[in-house]
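Quick one: this structure, given as structure tokens, is what I'll be asking you about.
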Amino acid sequence: MSRIGKRPISIPQKVTVTIEGQQVAVKGPKGELSRILPNEVIVEQEGETLLVKRRDESRAARQRHGLSRTLVSNMVEGVSQGFQRRLEIQGVGYRAQVQGRNLVLSVGYSHPVQIEPPEGVQMAVENNTNVLVSGIDKEIVGNIAARIRAVRPPEPYKGKGIRYAGEFVRRKAGKAGKK
């Protein structure tokens, strides 16, 4: 049995879960999310907990059991607390700012790079070098953070670029001097 899949999901106060066949809808104080789960799993609500079970012991059902439980758990956590991802910009003259809803990055190119967030995702900039991406859908927040990082990933020689907060960038020595 999947160790992750068999763990129950506790539903916090002010969060309602609606299950219609394979569609699971979660509504909370921050918003609402819904997702259609694969046919190999069943979601049952028992009081203040949700249980994700397999229909049978097929390989496909075993593969999707833990995944489906984690997806539902992330939906519940997202509508109750939300998710956020922090990025740091390092480099001389590298900075970020928010114009309207868009994030504008000046990271050494001949032009500023604009990133438009999808609906339900907010971006904030602190001290011109720290970017905060927040929203209720963990998948979308992570994708937008990865797109921002991909504009100028950290390079291994000087460490310049955009990195996740707390990310360790392995440094290289560079070329040795001539003798």
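The values are calculated or read from the model by the stated rules, or taken from the named source; none is laboratory data. Remember, it's a predicted structure, so these values are computed and weren't measured experimentally. Neighbour counts are summed over all protein chains in view; Cβ atoms, including those assigned to glycine, are modelled from backbone coordinates with ideal geometry. When the accessible area is computed, the model is the full protein with side chains, heavy atoms only, and any ligands, DNA or RNA have been set aside. Shrake-Rupley method; radii C 1.70, N 1.55, O 1.52, S 1.80 Å.
If you take the residues in region 59-100 that are assigned to a strand (DSSP E or B) and among the hydrophobic types (A, V, I, L, M, F, W, C), which one is farthest from Ile148 (Cα to Cα)? Can you show your working first?
First pass over region 59-100, keeping only residues assigned to a strand (DSSP E or B): 83-90, 95-99.
Restricting the remaining residues to those that are among the hydrophobic types (A, V, I, L, M, F, W, C) gives 83, 87, 89, 96, 98.
Values: Phe83: 16, Leu87: 8, Ile89: 10, Ala96: 11, Val98: 13 Å.
Per the criteria, the residue is Phe83.
Follow-up question, since we're still on this one. Residue check: is Ile144 at pLDDT 90 or above and either closer than 30 Å to Thr18 by Cα or under 13 Å from the mean Cα position of the chain (by Cα) (or both)? Spell out how you get there, then give the answer.
Values: at pLDDT 90 or above: yes; either closer than 30 Å to Thr18 by Cα or under 13 Å from the mean Cα position of the chain (by Cα) (or both): yes.
Judged against the criteria, Ile144 is a match.
How many residues are open to solvent by less than 50 Å² (accessible area, probe 1.4 Å), farther than 24 Å from Val121 by Cα, touching a Ser or Thr at 6+ places or on another chain (Cβ under 7 Å) and outside any loop (DSSP other than H, G, I, E, B) if we restrict to region 1-58?
Total meeting the criteria: 4.
Surrounded by fewer than 15 Cβ atoms within 10 Å (Cβ to Cβ), out of contact with any Cys (no Cβ under 8 Å at 6 or more places or on another chain) and in a strand (DSSP E or B), is that true of Gln114?
For Gln114, the condition - surrounded by fewer than 15 Cβ atoms within 10 Å (Cβ to Cβ), out of contact with any Cys (no Cβ under 8 Å at 6 or more places or on another chain) and in a strand (DSSP E or B) - is met.
Every residue, every condition in (1) in contact with a strand residue (DSSP E or B) (Cβ under 9 Å, 6 or more places away or on another chain); (2) in contact (Cβ under 8 Å) with a residue 24 or more places away in the chain; (3) assigned to a loop (DSSP other than H, G, I, E, B), yes or no:
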| residue | (1), (2), (3) |
| --- | --- |
| Gly142 | yes, yes, no |
| Ala145 | yes, yes, no |
| Arg149 | yes, yes, no |
| Pro153 | yes, no, yes |
| Tyr157 | no, no, yes |
| Ile162 | yes, yes, no |
| Gly174 | no, no, yes |
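This table checks each residue for (1) of a type outside the set (Lys, Arg); (2) under 15 Å from the mean Cα position of the chain (by Cα).
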| residue | (1), (2) |
| --- | --- |
| Gly82 | yes, yes |
| Arg85 | no, yes |
| Ile89 | yes, no |
| Gln97 | yes, no |
| Arg101 | no, no |
| Leu105 | yes, no |
| Val113 | yes, no |
| Pro117 | yes, yes |
| Gly120 | yes, yes |
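Right, something else. Working only within region 71-107, note down all residues that are over 30 Å from Val43 (Cβ atoms) and exposed (fewer than 14 other Cβ atoms within 10 Å of the Cβ). Before you say what the answer is, go through the steps one by one.
Just the residues of region 71-107 that are over 30 Å from Val43 (Cβ atoms), to begin with: 86-107.
Answer for region 71-107, where residues must be over 30 Å from Val43 (Cβ atoms) and exposed (fewer than 14 other Cβ atoms within 10 Å of the Cβ): Val92, Gly93, Gln97, Gln99, Gly100, Arg101, Asn102.
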